[in-house]
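Have a look at the structure below before the remarks.
Where a number appears in this text, it was derived from the coordinates with a stated rule and is not lab data. These figures come from a predicted structure and were not determined experimentally. Here the Cβ positions follow ideal geometry from the backbone for every residue, glycine too, while neighbour counts run over all protein chains shown.
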Amino acid sequence: MRFISTMRLWLKDEKGQAMSEYALLLVLVAVALIATVIIFRNALKAKFDAITAAIVGA
């Protein structure tokens, strides 16, 4: 009986739940950022090359 009550308390414990949610949110943002960079890789490279050329030419 004590085992069951201990398990119930353990399952109700929400310590660390917020930390897990923030970690999942951070992973989601990182994946979205990486996907965006991969999709727009050529456009980003062209823009950075144009900026570099403008700085060097100045």
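Below is a table of values for the structure above.
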item: Selection count where residues are assigned to a helix (DSSP H, G or I), aromatic (Phe, Trp, Tyr) and more than 11 Å from the chain's Cα centre (by Cα), scope segment 1-51; result: 3
item: Scope segment 38-50; condition of a type outside the set (Gly, Ala, Ser) and loosely packed, with under 10 Cβ neighbours inside 10 Å; matching residues; result: Ile38, Asn42
